[in-house]
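J.: Input: one structure, supplied below.
Coordinate-derived values only; no laboratory data. Since the model is a prediction, treat every value here as computed from it, not as a measurement. When we count neighbours, we look across all protein chains shown, and the Cβ atoms used for this are built from the backbone with ideal geometry, even at glycine.
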Amino acid sequence: MTMRNFSDKLPDELREELAHKILTEKPRVQDVTDWLAAKGYKVSRSAAHRAMQDVVEADQLAKLSAILDKREAPGIRFLKLRCLELADRNQHGGEDMLALAERYFAWIVRNEEI
């Protein structure tokens with residue numbers, strides 16, 4: 001059985017407000033639990049932390065998707081191949097080459113203005 005995120009039970013408007021707060025203010029976990037308590041929702045620190053992680057990950061995926069949509073597919077394949085080549089040259093004892101290549105590619109995507 002999967003665990004439901006408490007934020008799934010929040011009204012849409014409050015969930016959007018929470019996501020905005022997390023992304024713009026970068027609050028601490030205690031700030032989020034206090035803010036929700038003031039709105040009438042009591043949640044544990046661990047549940048608030050999971051919700052914060054979910055919001056940040058969803059935002060990162062949305063940004064990555066938007067970036068990838070802007071680029072041509074052949075260009076992406078070329079970048080991934082170059083990342084794999086760099087990972088092959090730079091891996092250090094036991095480090096997974098594919099994981100290293102993915103880290104390189106993620107860095108490029110995060111720093112697309114370079």
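J.: Apply the Karplus parameterisation 6.51 cos²θ - 1.76 cosθ + 1.60, with θ equal to phi minus 60°, to every residue of segment 19-29 and state each ³J(HN,Hα) to the nearest whole Hz, in sequence, with x for glycine and proline.
T.: Result, rounded to whole Hz: 4, 4, 4, 5, 6, 9, 9, 6, x, 7, 4.
J.: Relative contact order, percent, of segment 1-70 when contacts are C-alpha pairs under 8 Å separated by at least 6 residues?
T.: Details: 31 pairs, mean separation 23.8, N = 70.
Computed value for segment 1-70: 34 percent relative contact order.
J.: Per residue of segment 43-60, in order, report the coupling 6.51 cos²θ - 1.76 cosθ + 1.60 (Karplus, θ = phi - 60°) as ³J(HN,Hα) in whole Hz, putting x for Gly and Pro.
T.: Per residue, the Karplus-derived 3J(HN,Hα) values read 9, 6, 5, 5, 5, 5, 4, 4, 5, 5, 4, 4, 5, 5, 5, 5, 5, 5 Hz.
J.: May I pose another question? Around A38, with a cut-off of 14 angstrom between Cβ atoms, what is the net charge of the other residues, counting Lys and Arg +1 and Asp and Glu -1?
T.: With Lys, Arg at +1 and Asp, Glu at -1, the neighbours total 0.
J.: Tabulate in residue order the Karplus-calculated ³J(HN,Hα) for segment 96-109, using 6.51 cos²θ - 1.76 cosθ + 1.60 with θ = phi - 60°, rounded to whole Hz; enter x for Gly and Pro.
T.: Residue by residue, segment 96-109 yields 5, 4, 5, 5, 5, 4, 5, 5, 4, 5, 4, 5, 4, 5 Hz.
J.: Using +1 on the beta carbon of Lys and Arg, -1 on that of Asp and Glu, and nothing else charged, what's the dipole of segment 1-70 about the Cα centre, debye to 20?
T.: The calculated dipole for segment 1-70 is roughly 260 debye.
J.: Once every DSSP H run of n ≥ 4 in the chain is given -39500 (n - 2.57) and the sum is divided by its residues, what mean residue ellipticity at 222 nm do you get, rounded to the nearest 500 deg cm²/dmol? Write out the running numbers ahead of the final one.
T.: Details: 5 runs with 82 residues, N = 114.
My calculation for the chain gives -24000 deg cm²/dmol from helical runs alone.
J.: Pull up the cross-link candidates among the lysines for K63, meaning alpha carbon to alpha carbon under 30 Å and not fewer than 8 places away within one chain.
T.: Once the sequence-local lysines are set aside, what remains near K63 is K9, K21, K26, K39, K80.
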